[in-house]
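Notes follow once the structure below has been shown.
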């Protein structure tokens, strides 16, 4: 009898559920739920880099997506679901009470953004990240050395410290803090004591300064030296972590009844979306797996052989964060698809405003015209930009619209568009933005190579990889490497389903499960050698602009500070 596994993939805007045949990897059903509160911008302030998500958006998403899948496949298949895997964005922590309940689910805090999940892209903790880096550099042990040597405002402790300083009520009510990827399995298994929550090796190692060399987290006196508001928190967190092939628990009767699932479904320990996406993509040692969405995460796995090589300026290296028993290395860009979405919003403003104010057409026609224009905007821009000669117009951009993740995290940095003249039009500027995002990807590849980490090939997944041949061909040309695109539309959820199957003991290990359940490839982009050299010339200009603008921006930061 066939058995099935569910993958839950919590992204920035929505949660996706995917049902997979554990024997063949066949994707039987999928469902997507867009976060209701997030969609309207509730609890966020982009001008202040504050991005918060209410736990109810996640809870409603779990219920809506899994119920829809159960309805799609019927009880005969649903009754043979054996496992659930969970991936989320990260670092996305939340303050909880001793039962592991997010404070925002308590009446006193239900409208308080500081009591909600602090999304990965929230950069309100820039100052706190700088303080963590300063303390790590002068402490007897550099606790950031396995996280690239530079701690980011996107990560666990920066966010905790910022919220703790900003909101005394949350500080007093917070018994502990948990990652989104740890909380969802805890929720589904009916957890009621946060001290029993199984914490993700992936999240802890890449974002929370956890490492076996330190016997877990840094000691309490390190955090007290950072700020006394953190005194005692370490002891209410964790020392042990778990890889995602391990069991978080069995689904609770309450959730089984609510979702229409068997009461013996096994729930795997959670992890971050990109790391599980690499598993869904059947990653191989020294292949760079690029998860290309609103941002990018670049994942590479390497055998644990000999002395571990520390790679500077990345998002950490953790044994078992991707495939148990292998070293997982993470890098990425803070904005990728978000850059294109930003430019789309800039161009869309007159379309929406002028059409909506027109008296020449009725409301229904206005809405249809706006919808048609928005659907065609980026595809038509891509076609026009592709016709532009490489570097002919002189526009040059930097991909720092949301700061820089890697190499060498710096969330103070801002995006730049230079070289504009009176001939600069929308396609030319769009082309410069795409070039910038590809050059940012090349900086990451160059860092791995310069640190002695070989890259045998590139695997791509995510919305951009599936939908934009223009961007993918440019990426192959800039990197001068073939790029294999994963067939699955839901590779992260597929990776989560693979871990769900392993946790349910359908497979003995992750590599065996990957072979049977992982995705095939839909296409390969080969570099056009005629264009490689032309992009190299622009890349040199990009690097020069990076140096100039980083010096300028950081001088302004120091002056303002």
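Out of the residues in the stretch 224-237 that are without any contact (Cβ under 8 Å) to a residue 40 or more places away in the chain and part of a helix (DSSP H, G or I), state the one that is nearest to residue 308 (Cα to Cα). Taking the candidates together, the pick is 234.
Quick one: in the stretch 112-133, of everything that is part of a loop (DSSP other than H, G, I, E, B) and in contact (Cβ under 8 Å) with a residue 60 or more places away in the chain, which residue is surrounded by the most Cβ atoms within 10 Å (Cβ to Cβ)?
Looking only at the stretch 112-133, we keep the residues that are part of a loop (DSSP other than H, G, I, E, B), and these are 112, 116, 119-125.
Among the residues that remain, those that are also in contact (Cβ under 8 Å) with a residue 60 or more places away in the chain are: 116, 119-124.
On the way: 116: 30, 119: 22, 120: 27, 121: 24, 122: 26, 123: 22, 124: 22.
Taking the candidates together, the pick is 116.
Within the stretch 240-263, being free of Cβ contacts under 8 Å to residues at least 40 places away in the same chain and either closer than 21 Å to residue 203 by Cβ or part of a loop (DSSP other than H, G, I, E, B) (or both) holds for one residue alone: 263.
For residue 390, the conditions (1) under 30 Å from the mean Cα position of the chain (by Cα); (2) closer than 17 Å to residue 472 by Cβ; (3) crowded, with 16+ Cβ neighbours inside 10 Å are fulfilled apart from (1). When the criteria are applied in full, residue 204 fails the requirement of being assigned to a helix (DSSP H, G or I), at negative phi, in contact with a helix residue (DSSP H, G or I) (Cβ under 7 Å, 6 or more places away or on another chain) and buried (at least 24 other Cβ atoms within 10 Å of the Cβ).
What residue, of 91, 12, is assigned to a loop (DSSP other than H, G, I, E, B), under 19 Å from residue 274 (Cβ atoms) and modelled with pLDDT of 95 or more?
Values: 12 fails: modelled with pLDDT of 95 or more.
91 is the lone residue from the list that is assigned to a loop (DSSP other than H, G, I, E, B), under 19 Å from residue 274 (Cβ atoms) and modelled with pLDDT of 95 or more.
What residue, among those in the stretch 449-468 that are surrounded by fewer than 21 Cβ atoms within 10 Å (Cβ to Cβ) and in contact with a strand residue (DSSP E or B) (Cβ under 8 Å, 6 or more places away or on another chain), is farthest from residue 389 (Cα to Cα)? Looking at the filtered set, the residue picked out is 453.
Of all residues in the stretch 275-286, none satisfies being assigned to a helix (DSSP H, G or I) and without any contact (Cβ under 8 Å) to a residue 60 or more places away in the chain.
The residue pairs whose first member lies in the stretch 63-87 and is free of Cβ contacts under 8 Å to residues at least 40 places away in the same chain, whose second member is surrounded by 24 or more Cβ atoms within 10 Å (Cβ to Cβ) and not in a helix (DSSP H, G or I), and whose beta carbons are closer than 8 Å, counting only pairs six or more residues apart or on different chains, do not exist in this structure.
Results for (1) modelled with pLDDT of 95 or more; (2) more than 20 Å from residue 511 (Cα to Cα), shown as yes or no for each residue.
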| position | (1), (2) |
| --- | --- |
| 258 | yes, yes |
| 273 | yes, no |
| 304 | no, no |
| 328 | yes, no |
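The values are calculated or read from the model by the stated rules, or taken from the named source; none is laboratory data. No experiment lies behind these values; they were computed from the predicted model shown. As a convention, Cβ positions derive from the backbone with ideal geometry for all residues, glycine included, and neighbour counts pool all protein chains shown.
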